[in-house]
Amino acid sequence: MRKDTPSYLNFNNKKYAWKPYVDYRKHPELYRVGKGEQGVLICEPYKSEIGQNWRFKTEAIAVESSNKIYAQFLGYLFYGDFVGADMARKYLQMGYTRARRYANYKGGRKYDAENNYALLQRGTGDDEKAKSASVFYAKWKDAEQNETYVAMKATWKKERG
């Protein structure tokens, strides 16, 4: 496979650390931090709790959405729920990356599935999504720099991975 083809084409579900049948609130020991946004669309009950607030269609919607998710992030930290906090942080990151994708590519599509997954032309996207991306980016960075979160993450990775 070419280097610039989408990684999901050869996705190995069996080796993926996050499983849709696990309740990560009941079994937090099974959660792994991973890279970037890994597991964000799988880990329940957090996916359902946080995902309902995840929107980035316009800058105003992104402000409301990122504020709600950041409040959830702080709530999870308050109750010592690292998994929830990390998932909220991942949703903030995903708000940024998905909005950037729509800002860069019309319809959010980066690859042309009908043309051997060739990269589509960049710069054809929506300027409003670039504003949404900057909103999510700021909240994502706030979450990543939160002292309580940083300490919890370091402990979690040391103990569990």
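Below, the figures for the structure above:
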item: Flag for residue 48 being among the small types (Gly, Ala, Ser) and touching a Lys or Arg at 6+ places or on another chain (Cβ under 7 Å); result: no
item: Unique residue being within 16 Å of residue 137 (Cβ to Cβ) and not small (Gly, Ala, Ser) when the list is 70, 46, 76; result: 70
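A short reminder: the numbers here are calculations on the coordinates, not readings from a lab. None of these values were measured; they are calculated from a predicted model. Positions of Cβ are generated from backbone atoms using ideal geometry, with glycine treated the same way; all protein chains shown enter the neighbour counts.
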